[in-house]
Amino acid sequence: MNVNGIGAAGYPAAGYETRRAGRNNADQMGNMSPTTQASGGTFELHISNDKDGKAIGSMCGADYSLTVYQPKDFDPANPVYKVKVWDKDGNVTERMVDVSKVDTTGSDYIDMFAYSSHLSASGKCPGAQSAFIRAGADQHGSDNRTHDDLFGMKDWISVLKDAMQTQYDAGNLQGYLDYKQFWDFLDQ
């Protein structure tokens, strides 16, 4: 995905930038990042700050944390979000994600998390982020997804379909219906 020319100056053509993040709980702007414990260790959950913008989605996994930011110059007609991923060593990968171009049948976890976060934050599909996180967790266990798993391409429609079927087979109608709302939105 190439984001050059759409307000993402300073980002490489591939859309990635990796650098070392500070290990304390205050970022360069002095904003605090709460620390959370996952089974793989302790990670900082990064939240809104003056530099990156308003956080619309954050989560931690076995050896990473991930946050989707709505930039200050966000344009709903051109929905591009800044996504930052921190690995267990504090290295951060940044990516600009144009959610209007995310392919739900062939994208990585990062792009799909940005897309589902956008759908929830915009009110287009309020349960999208939660349904996406839970559907992805069904494949790896609740917090066994690793940093490396974030970059693999997947057919998220199939992942969601499998999660729906699992809930149906278990007799969990509410779980099935929660996924179905997201499924119905994607199937439009």
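The values are calculated or read from the model by the stated rules, or taken from the named source; none is laboratory data. The structure presented is a predicted model; accordingly, all values stated were derived computationally and were not measured. Glycine gets a Cβ as well: all are built from the backbone with ideal geometry, and neighbour counts include every protein chain shown. When the accessible area is computed, the model is the full protein with side chains, heavy atoms only, and any ligands, DNA or RNA have been set aside. Shrake-Rupley method; radii C 1.70, N 1.55, O 1.52, S 1.80 Å.
Observations
- Within a straight-line Cα-Cα reach of under 25 Å, LYS88 can be paired with the following lysines, leaving aside sequence neighbours fewer than 8 residues apart in one chain: LYS51, LYS54, LYS154.
- A dipole drawn for segment 74-188 from +1 and -1 charges on Cβ atoms has a positive end, and of GLY152, GLN174, GLY90 the residue lying farthest that way is GLN174.
- Under the Karplus curve 6.51 cos²θ - 1.76 cosθ + 1.60, θ = phi - 60°, whole-Hz ³J(HN,Hα) for segment 89-103, x wherever Gly or Pro sits: 8, x, 6, 10, 10, 10, 8, 9, 10, 8, 5, 6, 10, 6, 8
- A 1.4 Å probe, protein heavy atoms only, puts the accessible area of PHE185 near 50 Å².
- Solvent-accessible surface of protein heavy atoms, probed at 1.4 angstrom with all chains present, puts CYS60, CYS125 in the order CYS60, CYS125, largest first.
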